[in-house]
Amino acid sequence: MVNCCGLVTVKNKPVPLKSIAVEVSVQGHVATVSSTLQYENQEESPLEAIFVFPLPGEAAVCRFSAKIGQSEVVAEVQEKQKAREQYDDSLSLGQQAFLLEESDESPDVFKLSVGSLPPGEKASVSLDYVTELAVQADDGLRLCLPAVLNPRYQPQGSDIVSGGSALVSSVPAGSVPYSLSLSARVSSPHPISRVESNCPLDPLNYLNTEKTQATVSLAAGHQFDRDVELLLYYQDTHQPTAIVEAAQTSAKPGSLMGDPMVMLSMYPEFPKDVMSLMTSHGEFLFVVDCSGSMSCPMHNGSGAQDRIGSARDTLLLLLKSLPMGCYFNIIGFGSRYESFFPKSVEYSQKTMDEALQKVKAMRADQGGTEILQPLKHIYSQPCLPDQPRQLFLFTDGEVRNTKKVLDLVKANAGSHRCFSFGIGEGASSALISGVAKQGGGHAQFITGQDRMQPKVMQSLRFALQPAVVDISVKWNVPKGVSVTPLSPPIRMLFQGQRALLYAQITGESSGDTEGSVTVKYSLAEQPVENQLSFSLKPAEDTGLTVHRLGARTLIRCMEMEERQGGGEKKGVKEKVVELSVQSGVSSAFTAFIAVHKVDGKAVQGPMLRRQVPTPMLCQSSMTMLGSTAMPWSMLCSKPKMMGMHRRMDRGRKGALLAKVPSDSGDDVSDSDIQYGGFDCPAPASNPAMDPLLQLISLQKASGSWVLEAALAEVLGKTEEELAKPKPAPVDQEVWATVLALVWLYGFKMEAQEEWQFLAMKAVSWIQAQKVASVSECVQAGNTLLGCQVQKETLGL
């Protein structure tokens, strides 16, 4: 199990990792990240340092090297088992060795082993990766540098002795015994408007008058209490672009690295009249994490709401925003799962009220995070006719069997769209982004002081918009040139959201150097076509970034194909290994290995193993089934004979496991998992409900409000003051609904993203009542509440 070990700080045991320096180079929509880790052995025996850490799930690790004294060794990519054996053998011979491998269970967790560091020796380890920047709702480009690796739950019955598993040792955020520095250089074809972060930054420094190049640095003293997030804002960021990158000169023509490669960024713009159409159909399934870690606060600041509390508020908003005529259900899960209704029910006042009562009772009390079973249950249910299935998954992403979850979502991709939400620092990017990608939906991350509600409502807007269907991509290139797509077929397009395509370009044209790509699709039964032309002439040196991202895209597709074939598909694994070695990009089946011969002298003496801790924000005690949690002393203090330690560990993993008895004396089950352990910052006590949420909670499923004391309280009036100015011929319910709308538009415009759908429902309801004196109502409402909202503004 990828797990942490119930630590506090490392008492009297120096951590060999001293500092991490990160340099980021951003070129438009992609980034190259170079991290340098400084190690020093301050003990009297040789050391092996083990560091398990997170990387972005979409990253392509493409270089790994180590420097000892003045000697630098650059790692090579090998088949994973072969690399492990070479690492073991090198340590047995007293040589220094460095191994970097991706976790078998999740592509966003890596393990770095620095072996046989002699007493007093320093070593510098560097690793590079390239990654795409995700587009945010406000058009910012997000680069996340994960610093927090929360413990990940191992589902019952899973294989926990796989060779790729690694113990993660963690300490509370703020107690990390090494430092982090970060500097970024940003280049863009368009001017850089600004750079924001969830962490303190030094001022942005422009390098030219066009403002297309700039540098920015993380302010000193990062506390490792959050992932580092950079948000880059360019002018005209929605312009489609094409980058053609020259082949690697040393690679064989016709191979992936030996041909030019193109990366296309496309931003489909849909007709406005189509975008204003909102479907009233759909089966909406809200799948909510109720595991123990959801009791942690949303952030480390004062007054932070706990994650489950924020999820409850969000569900209130979603339930009020659903259209009449749809179906819905809510599934809470932890180490077990429970549906609010045996099957999806039609949305009505009765079913909405029932669901809201159950939402109020939701607690973070269901043990570990087991996502696979509730998803299997959902996919076993038949889809409803003419009600497209839309799945919303809310989780803090602390699971270990990420690849199994992604495979399941992909296998059922034809029956639904999946929108995912990663809650809090350290949520697995591989899981959150992966399920949205495989499920044809959209991923959102809620970190720092972010509010969950606006991001969720943006995804609801995507879900309610007409689906794009029949997507086709056609490449148009001159005679003598052919194009091999590397990206999987595009399955979803959303308004204003980027679609990325990678392709290999083979052959040459005698004259024409122009190519184009045409994307056709159908939207609300209207055919739409987008075309982008590009030059086949390669751009200036881009450092093989596009090739590595293209190789990573192809590798991930082939890995999934191999898993879905149960490892039985002949030749797929071998092809992945070959492609990984050729491109120098890591995969699930390969690892980076570097060996330093130590000038022919063997390192003497028994070797100690040291776990380098990662920060975590919210920790659950390790009374989990299948946990390999051990005291820090067991992990760190036992000398082992060189070269033997690794094989011995693998052989005895099963012996480290202990079943935890439940109170009844029976063996522990899923539902017996307990949470406690390290102190989380205490969530704020439940404050009085926010007036906006209070108003929303009073709305009927139909979209109307009732004239009642609770509404008067929200609007700051007595019930009598509310009723008195009502125009005589107007129904009380119409009057109450107009007042609610006037209040929303008059006082809560900054939160419009959160209430826009329930306001649309309210307007539709008023229009259905065929009220003659709407203008008089709005005017009287403005006078009563002290607002100046126009009837047209309300949509009336």
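The values are calculated or read from the model by the stated rules, or taken from the named source; none is laboratory data. This is a predicted model, so every value here is computed, not measured. All Cβ positions, glycine included, derive from the backbone under ideal geometry; neighbour counts span all protein chains shown. Quick note on the areas: whole protein, heavy atoms, side chains included, nothing else; ligands and nucleic acids left out. Shrake-Rupley method; radii C 1.70, N 1.55, O 1.52, S 1.80 Å.
Worth a mention:
- Rounded, prolate or oblate (a/c below 1.5 giving rounded, otherwise prolate when a/b exceeds b/c) for segment 482-583 by Cα gyration tensor: oblate
- Packing rank of 522-529, 733-740, where each peptide gets the mean count of other beta carbons within 10 Å, highest leading: 733-740, 522-529
- Net charge of the neighbourhood of GLY120, taken over other residues with C-beta under 10 Å away and scored Lys/Arg +1, Asp/Glu -1, is -3.
- Share of carbon and sulfur in the accessible heavy-atom surface of segment 201-354 [1.4 Å probe, %]: 51
- DSSP beta bridges in segment 235-344 [antiparallel fraction, %, rounded to 5]: 55
- Stretchable slack from SER510 to ASP273, in nm (0.36 nm times residue separation minus alpha-carbon distance): 80.8 nm
- In Hz, Karplus ³J(HN,Hα) per residue of segment 297-305 (6.51, -1.76, 1.60; θ = phi - 60°; x = Gly, Pro): x, 5, 7, 8, x, 6, x, 5, 6
- Loop-located GluC sites (Glu not before Pro) in segment 304-358 whose Cβ has at most 16 other Cβ within 10 Å (DSSP): none
- Tensor-based shape of segment 388-436 (alpha-carbon gyration tensor, a/c under 1.5 rounded, otherwise prolate or oblate): oblate
- FRET efficiency for GLU721 and ASP690, using Cβ-Cβ distance with R0 set to 25 Å, rounded to 0.05: 0.65
- Carbon + sulfur, % of accessible area of segment 695-774 - ligands and nucleic acids excluded, 1.4 Å: 49
- Local net charge near THR32, Cβ-Cβ under 12 Å (Lys/Arg +1, Asp/Glu -1): 0
- For segment 173-218: relative contact order, % (alpha-carbon pairs under 8 angstrom, 6 or more apart): 44
- Accessible area per residue, Å², segment 504-557 with all protein chains present, probe 1.4 Å: 51
- Sorted peptide list for 204-217, 432-445, 775-788, criterion being average Cβ within 10 angstrom, highest first: 432-445, 775-788, 204-217
- Stretch gain in nm, segment ARG194-GLU44, where the contour uses 0.36 nm per residue and the Cα spacing is subtracted: 49.1 nm
- Taking 0.36 nm per residue of sequence separation and removing the Cα-Cα distance, the GLU72/ALA219 pair yields an extension gain of 49.9 nm.
- Computed over protein heavy atoms with a 1.4 Å probe, the carbon and sulfur contribution to the accessible area of segment 371-525 reaches 51%.
- Report note on the peptides 465-473, 495-503, 328-336: ranked by the mean count of other C-beta atoms within 10 Å, highest first, their order is 328-336, 495-503, 465-473.
- Label-to-label distance, LYS82 versus MET324, with points set 7 angstrom from Cα along the beta-carbon direction: 6.7 nm.
- Averaged per residue, segment 277-350 has 31 square angstrom of accessible surface, using a 1.4 angstrom probe with ligands and nucleic acids left out.
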